[in-house]
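Data first, discussion second: the structure below is written as structure tokens.
The values are calculated or read from the model by the stated rules, or taken from the named source; none is laboratory data. The shown structure was predicted, so the numbers you read here are calculated from the model rather than taken from an experiment. No Cβ is skipped: glycine too gets one built from the backbone with ideal geometry, and neighbour counts run over all protein chains shown. Keep in mind that these areas ignore ligands, DNA and RNA; they rest on the heavy atoms of the full protein, side chains included. Shrake-Rupley method; radii C 1.70, N 1.55, O 1.52, S 1.80 Å.
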Amino acid sequence: MKKIFAILLITILITSCKSDDDNNNSQNVSSSFSFGHYWDGTVVSSTDFNTIQYTNANGEELSIEKLRYLISDMTFTKANGETIVIEDYNLVDLTNNENLIYSPNVEIPSGSYSNVSFTFGFDAEDNINGAYTDLNATSWNVPNTPMLGSVGGYHYMQLEGKFIDNSSAEVGYAYHAIRAADGSTTPPTVEETYIEVNLGSVTITNDVTSNIEKKIPAWFKNPHTWELTVLNNMLMPNFDAQLMMNANGQNVFTLGDIIQ
């Protein structure tokens, strides 16, 4: 990703706001984001994995064995519409307890912001096939195959585990979110399914850590009650399933406590 450009952009934005910041006695501070994971109010950690103990909105019992997802373009918006965009990304990996705290190496001006937001996944500009060697090394890229619309790119999320099916057997599921692509049409039908997550307004006075809460059950409900007995695997080439994931994902992330 264009990190050098991002730093220059942020520097320009901070400089352009300097007169207002000086009037408000603002200072540059660091901002970190801590990602917590919950199932109906109960904290979920990797120690809870591999045990069937959760029930989704469709009444299906399930476990979690893998959970990792990508966030990018953390953005701070002022009341006058000015924005500070941190054009970088973070692969949150609850399975291996990696990157649960994201601390961009960029300071921002203290003050009031009308909204803090980020992108779940990559937007169209950044979702470039094979562009990120670190993500390639973690098998995060999407195969560039006709079945997947020959657009490649990267995953947004991998949520995997097992569930109890109608015959009381344990069956694996792989809830993988990517850009929606239908390779059966000519040309392939492609629709962007990244999610712009708006966390709301914040006032930053010092170095700050914002707790972002991911409500895992939301992936399985509202507006679509997810039936794992029907939709459990081969979801990446399933265009309609990806659109359903996108709709359900609008309700997953919320802003928790802010520590400063």
- line: For the stretch 25-52, pairs from a residue that is in a helix (DSSP H, G or I) to a residue that is among the polar types (S, T, N, Q), with Cβ under 9 Å and 6 or more apart or across chains, are 46/95; 46/96; 46/97; 48/42; 48/63
query: Any idea which residue in the stretch 87-108 is most open to solvent (accessible area, probe 1.4 Å), counting only those that are assigned to a strand (DSSP E or B), modelled with pLDDT of 95 or more and not charged (D, E, K, R)?
result: 101
The lone exception for residue 134 - which of (1) over 28 Å from residue 254 (Cα atoms); (2) outside any loop (DSSP other than H, G, I, E, B) it fails: (1)
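Check the stretch 216-228 and report whether any residue there is of a type in the set (Lys, Arg), buried (at least 19 other Cβ atoms within 10 Å of the Cβ) and in contact (Cβ under 8 Å) with a residue 12 or more places away in the chain. First the steps, then the outcome.
Initially, the stretch 216-228 is screened for residues of a type in the set (Lys, Arg), giving 221.
This time we only want the ones that are buried (at least 19 other Cβ atoms within 10 Å of the Cβ), so: none.
No - not one qualifying residue is present in the stretch 216-228.
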- line: In the stretch 217-244, anything in a helix (DSSP H, G or I) and more than 30 Å from residue 78 (Cα to Cα) is listed as 217, 219, 220, 239, 240, 241, 242, 243, 244
message: Can you confirm whether residue 57 is in contact with a helix residue (DSSP H, G or I) (Cβ under 9 Å, 6 or more places away or on another chain), open to solvent by 50 Å² or more (accessible area, probe 1.4 Å) and touching a residue at least 60 places away in the same chain (Cβ under 8 Å)?
response: yes
task: Check off (1) part of a strand (DSSP E or B); (2) modelled with pLDDT of 95 or more for residue 127 and give me the number that stays unchecked.
output: (1)
